[in-house]
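Down below is the structure, laid out as structure tokens.
The values are calculated or read from the model by the stated rules, or taken from the named source; none is laboratory data. What you see is a predicted model, and the numbers here were worked out from it, not measured in a lab. Glycine gets a Cβ as well: all are built from the backbone with ideal geometry, and neighbour counts include every protein chain shown. The accessibility values were calculated without ligands, DNA or RNA, using every heavy atom of the protein model including side chains. Shrake-Rupley method; radii C 1.70, N 1.55, O 1.52, S 1.80 Å.
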Amino acid sequence: MEPLLPGVLWRPLSPDNDEPPISPRILVFHTMVGYLLGTESWFRRDGYSGTESTFGVGGEWDGQYDGVAFQWQRIDRQADAQYAANGYANSVELSDGGDPTRPLGARQLAALITLTATWCQVTNTPCQWVTDPDHHGLGFHSQFPEWNTAGHACPGPVRLQQLRDIVVPGAQQVLRESAPTVLPPGSLEPVAWTPPAVVPPPAAPAFPLPAGHWYGLPEPNVRNHSGFFSATDRTGIQTWQAQMRARGWSITVDGRFGPQTEDVCWSFQQEKRLVVDGRVGPITWAAAWTAPVTRS
Ligand SMILES: [Zn+2]
């Protein structure tokens, strides 16, 4: 897991970072009751030994920091923002210019949607609200008493409504659109990528005759098989004739190697640049299945 979130400004609070390692499974939303830079300087006073949040997002009252996200602590280290959740949660403080009844502005919302989606992706966490502190997902500071021993309303009803109606659905949409490498909303497991099915090349049935034998017009050669004298030979010739007919050739499927079959064999061998002998040996046999069809 990358300790720094992509797209976020890394703003360490001090060179020394003695906070214990954690494996975050919840992202907790807060409101600052303050400004982005003011909150940062307050966090900096005590470095990592005091209170701090993992992330912060600026708002309209922060000037050029409107919609800018800071990261103050590594994802894999504890940040002390919400009591019992510190050991398993990352936190994001949302600037409100000192007034938590102010709604999040457009740039702040956009930055928070991106941050939330990216965080879910990087930490492999479902993009959905937790309903129990043991779950994996998203939460807000006043959601559970053990996260909020002071009993305050952070992040307040106005901002909570925006988190529910805009931020979380927005992050879910981002994750859906960046498939397939991300989690689907509501899933604990990443989507497994299934390679497309490999289409095997066409296979020809085995050539039915012994090596050195062929199908051809009747002739007094023991290696020649015409189908006129043996039912077994007719089966093989029928198979080849049927395949040639399926490829579009005018050929009667009768199991007998007569002049019509020979003509088709000649033409096919010429077309496919095979040895042109008017006989069906193993190569001409297999080409009936493996050679591309070019005749219309
Ligand atoms: Zn809070």
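Structure above, values below:
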quantity: Considering residues of region 210-222 that are closer than 17 Å to residue 240 by Cβ and part of a loop (DSSP other than H, G, I, E, B) only, the residue least open to solvent (accessible area, probe 1.4 Å); calculated: 216
quantity: Criterion violated by residue 89 - all others in (1) hydrophobic (A, V, I, L, M, F, W, C); (2) within 20 Å of residue 1 (Cα to Cα); (3) in contact with an Asp or Glu (Cβ under 9 Å, 6 or more places away or on another chain); (4) within 14 Å of the ligand (Cβ to nearest atom) satisfied; calculated: (3)
quantity: Some residue of region 28-46 being more than 16 Å from the ligand (Cβ to nearest atom) and within 18 Å of residue 167 (Cβ to Cβ); calculated: no
quantity: Residues that are more than 16 Å from the ligand (Cβ to nearest atom) and in a loop (DSSP other than H, G, I, E, B), drawn from region 131-181; calculated: 131, 132, 134, 135, 136, 178, 179, 180, 181
quantity: In region 73-84, residue nearest to residue 35 (Cα to Cα) [restricted to those that are within 15 Å of the ligand (Cβ to nearest atom) and surrounded by fewer than 23 Cβ atoms within 10 Å (Cβ to Cβ)]; calculated: 80
quantity: Residue 46 vs. criteria among the charged types (D, E, K, R) and more than 23 Å from residue 143 (Cβ to Cβ); calculated: yes
quantity: Failed condition for residue 253, given (1) over 20 Å from residue 203 (Cα atoms); (2) open to solvent by 70 Å² or more (accessible area, probe 1.4 Å); calculated: (2)
